Amino acid sequence: MNIFVSVAKTGNDRHAFTSFSRTEIRTLCGNWRESRQIDRRKSSSLDKISEARYRTMQFYSRRKKLIGNAQTEQLYGHCLQFYGQPPIENISLSEFETFAVDRLKLLKTVENLGVSYVKTSEQYTKKLDAEFSNLNFPYKIEADDRKPQTGPSEYEKRRKDHISHFILRLAYCQTEDLRRWFIQQEIDLFRYRFKDLGSKNIREFLQYNNLHYHTISIDEKKNLTDKLVNSSFAVSGSTVDCQDFYKVPFQDALDLVRTRKVYLKGGYVYIPHQDIVTIVLNDFRTRLSKALALTARSLPAVQSDERLQPLLNHLSHAYVGQDYSIQKSIGKISLEQIDPLSAKSYPLCMRQLHRGLRDSHHLRHGGRMQYGLFLKGIGLTLDQALQFWRSEFVKGKVDADKFDKAYAYSIRHMFGKEGKRTDYTPYSCMKVILSNPPSQGDQHGCPFRHSDPELLKQKLQSYKVSPSGISQILELVKGMHYQLACQKYFELMHSIEDSGFSLNHPNQYFMESQKLLGGPGAGVKVEVKREDNPATKPPNPSPHQTPGPGNRPQEVAAEITEDLDSFFQDA
């Protein structure tokens, strides 16, 4: 007996029937049961695999901290580094930028605090600790590893410290001035971190970096107690027992021998714990100086990379403060207010440019760019700027027709109305100091950096700066602290003891002055840099993106350069 079973077919005959016998049906049902059993076994196996994977993930999460610690010890055996070996891993351009800018912020904080406060004072330590924490750099070993970690791990902090140091080496090896500045800030940073180490950590650091300076034994210390107390500062009979003394070849401690701060015997000096930093710093300075010289020789090979060249060129004079091109005071300042404002609220560089423009009724291109962007930043509109420059130039050798043909275009260009429509930002202090130095007949630049000290003194006297104030400013200029000299000028001109801010921008000087004086720029609000607002930062191109017609290397390099102008706020 046959049973008719309907079977769907793939052909055109969708209503056909196929005939099956009972035997064939039993066979088909048996196959179906076997397939269901196989499916159940597979499902059970998958459940076991999932459970095993889950247990593995749990085990990995428990071991993650231990593995991270092992990785830290292997690559960065100590929280403080001599930066002897360059990094060899691959990093993204975004990480490259972030690391470089964060370290630059840290070094500038070190510079400003080092002049404003005594380097061993509580205020200095407190402010620098806060900056380390904010920027996620390693600065002290945690006393209790059992505390729950928040933020980046110790390995990530040490990695950032290592990579960012070498990035800034590339940027600051290009000139003697840049190398000198970089070495000084890195040494101050190293000194601060080294002094925060305990005796055990110092011994570990010396051993890790193959510095063979060993502590003397307790018996030897007892035999030399009187000699050590009499020859070492800040060491007394009650403190000599509780601190380490290092036995070092005298040729490695010539500075301490010259100043008679250590006990010398048999070609060795005995250095107390608090003075060993002098020896280590000399070694660090020598190594870093040689490394920068070698980096400068290999710089042409690095600069041939179209991705890195614009970054490195900007880093050496990068501004990492607020953006003074985007503000709310447009049109609040009239042309009649410029002269009185220049005497009260202009930094010395802009006061010099304004005086030069009024006297000669002309400024060269460098002066027009520096002063024109500053005026744009304090609130002048495009129409006001055109009227201001035209009225001044026509008093000289330029008639109105020639001004419209030769100069009006560049003014519209700096307001983003011509050319590439780039909205240029006012020059920062670093850009004024480090780029385009003035030549004969120029008025632009930084008076503290580019003026002869005697001429600077005469200029300050003409502005009624007190003799003691002039001495303080000239001392800062002598130490190449040009921005701090300008900050001291601000304090003297406004008769205040402490300005309460770190000066990094001419427009910042103007805004802070107007806050004190209650002028038209007092309520100006400025936007924070783009780097602090990820939502406005343009997305980075994929590293695997193939250059197409609109993504050729030359065009990409040009786009990166324009983005960096906005990123560093340093047009």
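The string of couplings for the stretch 367-373 from the Karplus curve (6.51, -1.76, 1.60, θ = phi - 60°) is x, 5, 5, 5, 6, x, 6 Hz, one whole number per residue in order, with x for Gly and Pro. Here the simple spin-label model places points 7 Å from the Cα toward Cβ, and for residue 313 and residue 290 these points are separated by 3.3 nm. With R₀ fixed at 35 Å, the C-beta to C-beta distance from residue 260 to residue 116 puts the FRET efficiency at about 0.65.
Close amide H contacts of residue 214 (hydrogens built in the peptide plane, cut-off under 5 Å, sequence separation of 5 or more or a different chain): 247. For residue 505, the residues whose modelled amide H falls within less than 5 Å of its own, excluding neighbours fewer than 5 places apart on the same chain, are 429. Tell me, how many Å apart are the Cα centres for the stretch 395-455 and for the stretch 226-262? Taking the Cα centre of the stretch 226-262 as reference, the centre of the stretch 395-455 is 57 Å away.
Which of rounded, prolate or oblate describes the stretch 201-279 when judged by the alpha-carbon gyration tensor and an a/c cut-off of 1.5? Oblate, because a/c is 1.5 or more while a/b does not exceed b/c. Length gained on full extension, residue 491 to residue 130: 127.4 nm, using 0.36 nm per residue less the C-alpha separation. Going by a ≥ b ≥ c, the root eigenvalues of the Cα gyration tensor, does the stretch 335-518 fall in the rounded group (a/c under 1.5), the prolate group (a/b larger than b/c) or the oblate group? Prolate, since a/c reaches 1.5 and a/b exceeds b/c.
Taking amide H as placed 1.01 Å from N in the peptide plane, residue 263 has its amide H under 5 Å from the amide H of 270, each at least 5 places away in sequence or on another chain. Placing a label point 7 Å from the Cα of residue 226 along the Cα-to-Cβ direction, the residues of the stretch 258-289 whose backbone N falls under 19 Å from that point are 262-266, 270.
Accessible surface for the stretch 335-518, divided over its residues, is 46 Å² per residue with a 1.4 Å probe. Each residue, residue 381 and residue 203, gets one label point 7 Å from its Cα in the Cβ direction; the gap between the two is 7.4 nm.
Dipole of the stretch 335-518 computed with +1 at Lys/Arg Cβ and -1 at Asp/Glu Cβ about the Cα centre; of 409, 440, 363, farthest Cα towards the positive end is 409. Note on the stretch 335-518: with charges restricted to the Cβ of Lys and Arg (+1) and Asp and Glu (-1), its dipole about the Cα centre is near 400 debye. For the stretch 335-518, which whole-number percentage of the solvent-accessible area (1.4 Å probe, protein heavy atoms only) is attributable to carbon and sulfur atoms? Ligands and nucleic acids excluded, carbon and sulfur give 49 percent.
Segment residue 406..residue 214, full-extension length gain: 61.9 nm, with 0.36 nm per residue of separation and the alpha-carbon distance subtracted. Rounded to the nearest Hz, the phi-derived 3J(HN,Hα) couplings of the stretch 94-103 under the Karplus curve 6.51 cos²θ - 1.76 cosθ + 1.60 (θ = phi - 60°) are 4, 5, 4, 5, 4, 4, 5, 5, 5, 5, where x marks glycine and proline. Residue by residue, the stretch 429-438 carries 3J(HN,Hα) couplings of 4, 4, 5, 5, 6, 9, 10, 6, x, x Hz when phi is fed to the Karplus relation 6.51 cos²θ - 1.76 cosθ + 1.60 (θ = phi - 60°); x denotes Gly or Pro. With the highest mean first, a sort of the peptides 116-127, 334-345 on other beta-carbon atoms found within 10 angstrom per residue produces 334-345, 116-127.
To put it simply, the accessible area of the stretch 201-279 at a 1.4 Å probe is 49 percent carbon and sulfur. Counting only protein heavy atoms and a 1.4 Å probe, the stretch 201-279 has 58 square angstrom of accessible area per residue.
Net length available on complete extension from residue 355 to residue 422 is 21.3 nm, with 0.36 nm assigned per residue and the Cα-Cα distance removed.
The values are calculated or read from the model by the stated rules, or taken from the named source; none is laboratory data. As the structure is a computational prediction, the values presented were derived from the model and not from experiment. Note that each Cβ is placed from the backbone with ideal geometry, even for glycine, and that neighbours are counted across all protein chains shown. In case anyone asks, the SASA skips ligands and DNA or RNA and just uses the protein heavy atoms, side chains included. Shrake-Rupley method; radii C 1.70, N 1.55, O 1.52, S 1.80 Å.
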